[in-house]
Every structure is written in C-alpha cells, then in structure tokens.
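Reviewing the structure listed below.
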Amino acid sequence: MIEQLYLDSAITRLSYYKMLGDKTMEQLTGEQLHWQPDGEPNSIYLIIKHLSGNMLSRWTDFLTSDGEKPWRDRDTEFEEAEASKENILDLWEKGWTCMINALSALQPADLEKTIFIRNEPHFVIDAVNRQLCHVPHHVGQIVYIGKMIRKENWQSLSIPKGHSQDFNREKFGK
C-alpha cells in the first residue's frame, strides 16, 4: 500500500536527519553547543530547544489536539540559558522520541484525516510534509554550525571533499 510506504519513508528520512544531528553533536562539547556566530544566529542549543518544542507540540496527541499546544512558549525556545550537553541531548531525544512514536502509530487511513495546527486545518499527510521540510532545515543549520566550529577537525558526515572517486571505487568498484 502506497500510504504505508509513504509513512515508512517519512520515518526513514527523518531518522536520517536525526543521525546527522547526533553525529554533529558527538563532535562538539557542551560549550560549543552554545556558540553563536556574530549577529543574531541561533546556537545549536537554541535550534534544539526550538526543534524539540516544535516536535513535542505538534506530535503530542497528534490526531486529537491542535498542534500548537497552549503550554508551548515558542519565544523562550530562542532564549539562551544554562544547559549541559547531557541536558541538551536529553531535550533532543525527547522531541525526536515524541515525533517518531507518533509517526509510527499512524495508520495509512490517517493520512486523509484533518488535524489542526494553530487552528488551521491540515491533512495529516500535509502535517507530515511540514516536518519533512522543517526538520532538515534546522538540522542543516546544526551541521553547518558544527562545521564552522570544528573547521579542519570536522569529521565528514558524508563523502569528504576530494574523495568522491575513492568512494565510488570502494562502493562500486569503479
């Protein structure tokens, strides 16, 4: 059934982005998770607070309550505060667990149901698509900031620059 393939694919794609975030944070210290470039860009910690807040709000009681919960205070997600690396990783895991569990519980017929986000109706499939756009956007920011911090010590999460031919040779015998 194509609907189940879609749900499985969404979970697989989102899990891939979680892995990118996990591997980035493994390379960083707690202090580095709070680092911000000049100007007003967010630290990795703030991005994680925002992602976790979004995931918890959107995916808690996903089919039965508005995705913008009254208990969510989105503005505070962008306020720097003391947090250890362990606390930051716990926040990250809490959001991901909520979202993946909710997605895993969906049935193919649920994709056509209507849910609400900020009182605006969405088909479930559209709400899933929103996450498939929102999450990679912010994980890309996390990875980019990680690369800025680590510079030449960055451990590539993909094929390192200048090593595509090596990869192809190893993978495909070319």
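Since every read-out is calculated from the coordinates, none of them should be taken as a lab result. Just so we're clear, the structure is a prediction, and the values are computed from it rather than from any experiment. Here Cβ is always computed from backbone atoms with ideal geometry, including for glycine, and neighbour counts include all displayed protein chains.
In summary, the aspartates and glutamates within cross-link reach of K18, defined as a Cα separation below 20 angstrom excluding same-chain residues under 8 places away, comprise D8, E26, E77, E86, D90, E93.
Among residues other than I100 whose Cβ falls under 14 Å from its Cβ, what is the net charge (Lys/Arg +1, Asp/Glu -1)? Working shown, then result.
Details: positive: R13, K18, R58, K94; negative: D8, D22, E93.
So the environment of I100 carries a net charge of +1.
For the stretch 2-92, chymotrypsin sites (Phe, Trp or Tyr not before Pro) are listed when DSSP marks them as loop and at most 13 other Cβ atoms sit within 10 Å of their Cβ; the list is W71. For trypsin sites (Lys or Arg not before Pro), the sites in the stretch 97-167 that DSSP calls loop and that have at most 12 other Cβ atoms within 10 Å are R118, K161.
Recomputing Cα Rg over 2.2 N^0.38 Å from the coordinates shown identifies the correct label among (1) 1.15; (2) 1.48; (3) 1.06 as (1). Amide H contacts of I117 (H built 1.01 Å from N, in plane; Pro and chain starts excluded): G67, H122 sit under 5 Å, all sequence-distant by 5 or more or on other chains.
The longest stretch of the chain left intact once loop-based GluC sites (Glu not before Pro) with at most 11 other Cβ atoms within 10 Å are removed from consideration, loops following DSSP, is 83-174. Here the 3J(HN,Hα) profile of the stretch 55-68, calculated from phi with Karplus coefficients 6.51, -1.76 and 1.60 at θ = phi - 60°, is 4, 5, 5, 5, 9, 6, 6, 3, 7, 10, 9, 4, x, 9 Hz, Gly and Pro shown as x. Distance between Cα centroids, the stretch 112-174 to the stretch 53-73: provide it in whole Å. One Cα centre to the other: 23 Å.
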